[in-house]
1. Just want the answer: with Cβ charges of +1 for Lys and Arg and -1 for Asp and Glu, which residue in Gly106, Gly61, Ile22 is farthest toward the dipole's positive end in the stretch 22-155?
2. Report the charge-dipole magnitude of the chain in Debye, nearest 20, computed about the Cα centre from +1 at each Lys and Arg Cβ and -1 at each Asp and Glu Cβ.
3. Can you give me the long-range amide H partners of Val105? Hydrogens built in the peptide plane at 1.01 Å from N, cutoff under 5 Å, separation of 5 or more residues or another chain.
4. Which whole number of Å³ per residue matches the convex hull of the alpha-carbon atoms in the stretch 117-164?
5. Arranged from highest to lowest average of other beta-carbon atoms within 10 Å per residue, in what order do the peptides 80-93, 26-39 appear?
6. Identify, among Leu190, Leu251, Thr281, the residue whose Cα sits farthest towards the positive end of the charge dipole of the chain, taking +1 on the Cβ of Lys and Arg and -1 on the Cβ of Asp and Glu, with the dipole about the Cα centre.
7. The stretch 59-207: Rg/Rh from Cα coordinates, Kirkwood Rh?
8. What do you get for Rg/Rh over the chain if you use C-alpha atoms and the Kirkwood form of Rh?
Amino acid sequence: MTLQCVRDLLAVDDLALSIVVIDNNSGGQDVRELQDGIAALTPGPHAVHVMPLAENLGFAGGMNKGIQFADENDIGIVLVLNNDMRLPKNFVRPLADVLRNDPGVGVVGPTVVHPDGTVWAEGGEVGFTPNGLRLLRHGQQPSDRSDGPAEVGFLTGACMMMRTEAAKAVGGFNDDYFMYWEDVELSDKLRRSGLRVVWLPWVQVEHFGGQSSGGGRSPLRKFLMACNAVRFLKSRGTLKAWAGWLVFDVLLWPITFATGPRAALAKMRGTFAGLLGHTATAADVDRFLG
């Protein structure tokens, strides 16, 4: 999936890219296979860098290394991507043009769709909802391109583009989130700094989703989502968001057993861990995925 994502980026033909593939300490053989696979590709006008990390810093910490790379190499715009993406060759410039033409925008993102064409997210919002957040138009048909651009509560780390300077000014992603909710927190920081969070309807990318955590209902994902939801609410939550958490994630928690007891128990563990101030790390990945 990572190599396919890189191949899609190499097909971009209207901008020259610096592509940074960040490996979160997968291990020697995996890194060698990744490096060999990328070395076999034809980069064209683009540059491809593989950055193996000595420890698993999670999505947040890994992407911060990418933001640091952009800053150190005077790259003014940084695009954050998951590796389980399929990308059209003309998706980069429209996003970059928004940032170049409107200094009031802090982060911009496209419509993200499932492989079947239904929406995974057109941005999202935090509020009175299960898990504390809602992916906008999730499972529906994509909005018409005339329905935006529009400001949204947050953009997902699956695909979001920022000015490097703006990302650096707010401290980038919060490493303590490790994985999940880090994109919500970063979007909130950019908004609080006076910048807008904008979804662009005429750009679409495809996202398989959950490939690094074992799927949407995996115990790892449920644990991290619950833990980090509490972390976010404790630092930035509104009364409405807290009320939603109490109703959907606490009072109605027993209902989640109907969709899988292992996931339900992991969610409960994550909730208690968040209340106790637990910081997610690679140890949580090892515990749930082995």
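1. Gly106
2. It works out to roughly 920 debye.
3. Under 5 Å from the amide H of Val105 lie the amide H atoms of Arg196, each far enough along the sequence or on another chain.
4. Details: hull volume 5.2 nm³, N = 48.
In the stretch 117-164, the Cα convex hull volume per residue is 108 Å³.
5. Working: 80-93: 18.2, 26-39: 12.5.
By packing density, highest mean first, the sequence is 80-93, 26-39.
6. Leu251
7. Values: Rg = 14.2 Å, Rh = 15.2 Å.
Across the stretch 59-207, the Cα-based Rg/Rh ratio is 0.93.
8. Checking Rg against Rh, the ratio lands at 0.95.
None of the figures in this text is laboratory data; all of them are computed from the coordinates on show. Model, not experiment: these values are computed from the prediction. With ideal geometry, Cβ positions are generated from the backbone for all residues, glycine too; neighbour counts draw on all protein chains shown.
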